[in-house]
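Since every read-out is calculated from the coordinates, none of them should be taken as a lab result. These numbers come from a predicted model, not from an experiment. Virtual Cβ from ideal backbone geometry, glycine too; neighbours counted across all protein chains shown.
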Amino acid sequence: MSNEDKMNIDERRKYLRKMKKRYGKATRTGKGQLLNEMEAVTELRRKSLLRLMNGSLERQPRQRQRGRTYGSDVEYALGVIAESWDYLCADRLTPNLVWMANHLATHDELQLSPLLLEKLDQISISTVKRILARTPRDKPRLPRGGPRRINRLTQDIPMTRIPWNEQQPGHCETDLVHHCGPSAFGEYVCTIQTIDVATGWSELRAVLGRSYLVMEDAFRYILARLPFLLLELHPDNGSEFFNHHLLRFFESTVQGITLSRSRPYHKNDNRFVEQKNSSLVRAYLGDARLDTVAQTIAVNQLYDKMWIYYNLLQPVMRLAEKIVTPVEGQLARVQRRYDQARTPFDRLCETTAITQERRDQLEALRDRTNPRQLRQEIYDQIEYIFSLPNAVPGQIENVYLTLTTHPDLQALALDPILHDPDPARTDSKARL
């Protein structure tokens, strides 16, 4: 029997406890057969098995404890060797203790003796683990991949949540949805979504990659299309939102804006935009990979149609009341009551955040839009997006072609509410 197949003492005792029940009920012949079986399984002598079967199987404490085999000199040598190797695991360290001790001795880092070398040669991996576990380290071990880099730009940004009952438009949550498919390798399309908490107004923009260039372009587009002033922007802690370039852009472009952020690992702090990521992005585009300029432009054309379809034509409900009832010994019962379903545009018109001119433009756009035809255009556009080929490995996509400032996209300008929703003019294949 190999060492790997041998039972340890706890496994033998567990096995013998089960056999003892059979042994006590067996005949004389049966006991002899059971003893033969136990000898083969446990590799114990027959006399030892008889003593255990007729006595107690409980392990007795030692009457005299063993002395320490490895003293302070071994512990000190292990500490120096482990530190020299940046605290490798015991399995990698133990087989190489002797040569490293000799090597360190040549550099006057250790004082060796024949006895110390002998002990380092015979010490087991489990003993090394126990010694290193109680050996203090000069510095904490770095995690795999190096020290975690802290985004110091977020330290001055307050962590909070926009209240669910916020009544003033302009307090928006924003998030980034990745269209990378099963692999996050290379550049791929992402969707920036901004949701206004008070009205449910949604702004969607697709970008190729997450560079400052495309992120700034997307936010310029969103800011120009919003029919109200942006007062607060609340993303998560992603570095695509909190970097020197984008923070400088917000400070110089959006006067008076308040930046806040979610608590790390608390997705519910961005609950409104997270819910719309599912219903307005994933529900239409799924989890497929999109990674070309053509796909980015096509997705943005889809979002232009969805901008009209959702904001002007789709009624949504808003949480109006939340009643929390304590229940003894259980989680509190939460009752949620919602108001009457209205479109985000109708909710916006009930406030003073929109100008009369902008309101008239949006009302005219809604009046001349056929919602059934627009819905069909949306699904036709989705089919067209998935008919486009993905990026060729090794071929670089030019993100400049996706920017709204590119000459080929000047027709979109930054004010799509003035576009005629005539399908002949907004056909996605003709644009590309």
Practice task
Please compute the net charge surrounding ARG59, taking Lys and Arg as +1 and Asp and Glu as -1 over other residues with Cβ under 12 Å from its Cβ.
Solution key: +3
Problem - Cα centroid of segment 6-55 to Cα centroid of segment 78-140, whole Å - result: 42
Practice task
Please build a GNM for the chain, connecting alpha carbons under 10 Å apart, and tell me which residue among ALA218, ALA206, ALA133 fluctuates the most.
Solution key: ALA133
Exercise for the section: Give me the net charge of PRO371's neighbourhood, meaning all other residues with Cβ under 14 Å from the Cβ of PRO371; Lys, Arg count +1, Asp, Glu -1. Expected result: +3
Problem - Computed [θ] at 222 nm, helices only, for the chain once each DSSP H run of length n ≥ 4 contributes -39500 (n - 2.57) - result: -12000 deg cm²/dmol
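Based on Cα coordinates alone, diagonalise the gyration tensor for the chain, multiply each eigenvalue by 5, take square roots, and list the semi-axes in whole Å, largest first.
68, 31, 24
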Fill in the blank from the handout: Counting only DSSP beta bridges with both partners in the chain, the antiparallel fraction in percent, to the nearest 5, comes to 80
